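The values are calculated or read from the model by the stated rules, or taken from the named source; none is laboratory data. Source: prediction; values computed, not measured. When we count neighbours, we look across all protein chains shown, and the Cβ atoms used for this are built from the backbone with ideal geometry, even at glycine. Accessible surface is based on the protein model in full, side chains and every heavy atom, while ligands, DNA and RNA are left aside. Shrake-Rupley method; radii C 1.70, N 1.55, O 1.52, S 1.80 Å.
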Amino acid sequence: MIQTLTDRSALNRNRQRALRAPELFLHETAADEIEDRLSLVKKSFTAPAVVSGFPEFWQNRFPDALCTPDNDTLALEPQSHDLVIHALCLHWANDPVGQLIQARRALRPDGLMLTVLFGGETLHELRIALAQAESDLLGGLSPRILPMGEIRDLGALLQRAGFALPVADTLPLRTSYASPFHLMRELRAMGESNAMTNRPRRATRPALFKRAADIYIREFGDADGRIPATFEMIFLTGWSPDESQPKPLRPGSASARLADVLGSKETPLKD
């Protein structure tokens, strides 16, 4: 039996707890970015859908969309939407390619899929501090921060999922907190605390977090006594294949040399 990365029950509990006093400013940022990107697309969308761990929030931002949770099996009917937004939750998916394939199947021909998720630079400062503290005190490491993909690898998922015209880009965000403990409390309020299947199940010694906080402040703290925290948002864009879309030319089919077009001198390379 293959063990999954994410404990979905724990993830759902974390999200429900976060709703008591949510801190969803990163979802606000993601929604603003998606609205900006959609404004650049010369196409009207009449049947949008949003996949999210916080569907109520996204319903408020996209009131005409069908908003559905990011369960392993998405509640989306085949070819029923012309836009699918996968909103800041793909990093928790046990099968990210499967999630993207389901999104593609829910799209009509020439439909658009926009995904935003956290990338590998996210919380790298906290990851380093916790790893060093645990190594110092316990002589080993435990899964405490979710591993997140790099933009090159995540962009390749679009092709594996069958999307046309795939594009991947990144938006780094640098935030500031009074202390590492303020950051960790806010992560709980975001629903982004540890929900990995292999997470430590026993209560963590306070000394570990104290040691991690000291390392964090020493290595990354600024002159004002605050600490930075990095969040990297990666945006994946792809289209459901359709005959109307532009196709790349066959290699060797060019009718003119690039040097002639640019008006430059061609310098042959040595063998």
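Assorted remarks:
- Beta-bridge orientation, the chain: approximately 60 percent antiparallel, per DSSP, counting only bridges with both partners inside.
- Here's how it looks for A47: its modeled amide H is under 5 Å from those of D82, L83, which are all 5 or more places away or on a different chain.
- Given the alternatives [x] 50; [y] 45; [z] 34, percent of Cα pairs over 26 Å apart as computed for this entry is given by [x].
- Translational diffusion coefficient (Stokes-Einstein; Kirkwood radius from C-alpha pairs) of segment 1-101 at 25 °C, 0.890 mPa s, in µm²/s: 167 µm²/s
- When the convex hull of its Cα atoms is projected in every direction, mean area for segment 83-240 (nm²): 10.0 nm²
- Probe 1.4 Å - accessible area at K43, Å² to nearest ten: 70 Å²
- Over the chain, DSSP H runs of length four or greater, each weighted -39,500 (n - 2.57), average out per residue to a 222 nm ellipticity of -11000 deg cm²/dmol.
- Alpha carbon convex hull of segment 62-176, volume per residue in cubic angstrom: 131 Å³
- Base-10 log of normalised Debye intensity for segment 121-163 (one unit scatterer per alpha-carbon) at q = 0.22 Å⁻¹: -0.74
- Given their separation in residues at 0.36 nm each and the Cα-Cα distance between them, E219 and L173 gain 14.7 nm when the chain is fully extended.
- Across the protein chains, with a 1.4 Å probe defining accessible surface, the residues W239, W92 rank W239, W92 from largest area downward.
- Distance in nm between pseudo-label sites at E243 and S142 (7 Å out along the Cβ direction from Cα): 5.9 nm
- The S80 and A21 beta-carbon pair, evaluated with R₀ = 45 Å, returns a calculated FRET efficiency of approximately 0.80.
- Mean separation of Cα contacts under 8 Å, 6 or more apart, over the residue count of the chain: relative contact order %: 24 percent
- Across segment 174-235, the mean sequence separation of Cα contacts (distance under 8 Å, 6 or more residues apart), normalised by length, yields a relative contact order of 58 percent.
- Efficiency of FRET between A207 and L38 - r from beta-carbon atoms, R0 45 angstrom, step 0.05: 0.40
- If you plug the beta carbon distance of R185 and T46 into 1/(1 + (r/R0)^6) with R0 = 45 Å, you get a FRET efficiency near 0.60.
- Distance between segment 72-99 and segment 1-33 - C-alpha centres, whole angstrom: 15 Å
- Each Lys and Arg contributes +1 and each Asp and Glu -1, all at the Cβ; summed about the Cα centre of the chain, the dipole is approximately 720 debye.
- A 1.4 Å probe run over segment 126-249, with the rest of the protein chains in place, finds 55 Å² accessible per residue.
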